[in-house]
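Colleague: If you scroll down you'll find the structure; I have some questions about it.
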Amino acid sequence: AALSLLPARTTTLRSLSPYLTRVLRHCATERRHKEIVHQLLRVEELKVKQELILEQSRRVTITEDTACRVPTCRRPIGNTAILCYPNGVVVHLACGRNDLHRCPVTGEVFTTPGEER
């Protein structure tokens, strides 16, 4: 389509060759770059799915004797919403609300892979 816009008698393919070569190389490079980014994102997606499966398979047993581990609370967990940190600490949702990435009992900081705090 673009070639039809050029003057037919004065433009030769040989004169356009250096330009077309650069354009085609650039397009090929861009395509390879996008494919690499796509594959890296796919790997990251699979890692996140694997982590989700592992987290969903974790089990926590709550009995009537289980108490919130936050020192200022220590009330029974009961049938309330809870937070279970990766280190196994279980607290009331309200007791851990201030910082979901920091255990309110141990102070341990939890991050997701690739995330820095």
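Colleague: Relative contact order for segment 58-106: what percent, with Cα pairs under 8 Å and sequence separation of 6 or more?
Modeller: 30
Colleague: I'd like the accessible area for His33: 1.4 Å probe, protein heavy atoms, all chains in place, Å² to the nearest 10.
Modeller: Surface open to solvent at His33 totals about 100 Å².
Colleague: Relative contact order for the chain: what percent, with Cα pairs under 8 Å and sequence separation of 6 or more?
Modeller: About 12 percent, as a whole number.
Colleague: Let me cross-check Val105: its accessible surface, 1.4 Å probe, with only protein heavy atoms counted, in Å² to the nearest 10?
Modeller: Solvent-accessible area, nearest 10 Å²: 50 Å².
Colleague: To continue, here is another question. Hey, what angle do you get for helix 13-57 against the long axis of the chain, alpha-carbon based, 0 to 90 degrees rounded to 10?
Modeller: Compared with the principal axis, the helix lies near 10 degrees.
Colleague: Tell me, rounded to the nearest percent, the portion of alpha carbon pairs in segment 1-85 spaced more than 23 Å apart.
Modeller: In whole percent, the share of Cα-Cα pairs in segment 1-85 beyond 23 Å is 64.
Colleague: Could you pull out the GluC sites (Glu not before Pro) across segment 23-117 that fall in loop regions by DSSP (anything but H, G, I, E, B) with no more than 13 other Cβ atoms inside 10 Å?
Modeller: Taking segment 23-117 and a limit of 13 other Cβ atoms within 10 Å, the loop GluC sites (Glu not before Pro) found are Glu64, Glu108, Glu115, Glu116.
Colleague: So if each residue of separation counts as 0.36 nm, and I subtract the Cα-Cα distance between Leu20 and Thr72, what length gain in nm does that give?
Modeller: Answer, rounded to one decimal: 11.5 nm.
Colleague: At a Förster distance of 30 Å, what's the computed FRET efficiency of Leu54 paired with Ala28, Cβ-Cβ distance as r, to 0.05?
Modeller: 0.15
Colleague: While we're looking at this one, here's another question. I'd like the accessible area for Arg75: 1.4 Å probe, protein heavy atoms, all chains in place, Å² to the nearest 10.
Modeller: Using a 1.4 Å probe on the heavy atoms, I get roughly 140 Å².
Colleague: Something else now. Round to the nearest 0.05 the FRET efficiency obtained for Val37 and Ile62 when R0 = 41 Å and r is the Cβ-Cβ distance.
Modeller: Once the sixth-power term is evaluated, E becomes 0.40.
Colleague: Under 4.7 Å Cβ to Cβ, no partner at all: give me those cysteines from the chain, in residue order.
Modeller: Cysteines lacking a close Cβ partner in the chain: Cys27, Cys84, Cys95, Cys103.
Colleague: Using θ = phi - 60° and the Karplus curve 6.51 cos²θ - 1.76 cosθ + 1.60, what whole-Hz ³J(HN,Hα) does each residue of segment 87-99 get, with Gly and Pro shown as x?
Modeller: Each residue's phi maps through the Karplus curve to give 8, x, 6, 10, 9, 4, 4, 5, 6, x, 5, 4, 8 Hz.
Colleague: Then there's this: If you take the charge dipole of the chain about its Cα centre, with +1 on Lys and Arg Cβ and -1 on Asp and Glu Cβ, which of Ala2, Thr29, Leu41 is farthest toward its positive end?
Modeller: Going by the charge dipole, the pick is Ala2.
The values are calculated or read from the model by the stated rules, or taken from the named source; none is laboratory data. Since this is a predicted model, take the numbers as computed values, not measurements. Counting neighbours? That spans all protein chains shown, and the Cβs are built from the backbone with ideal geometry, glycine included. These area figures cover heavy atoms from the full protein model, side chains too; ligands, DNA and RNA do not enter into them. Shrake-Rupley method; radii C 1.70, N 1.55, O 1.52, S 1.80 Å.
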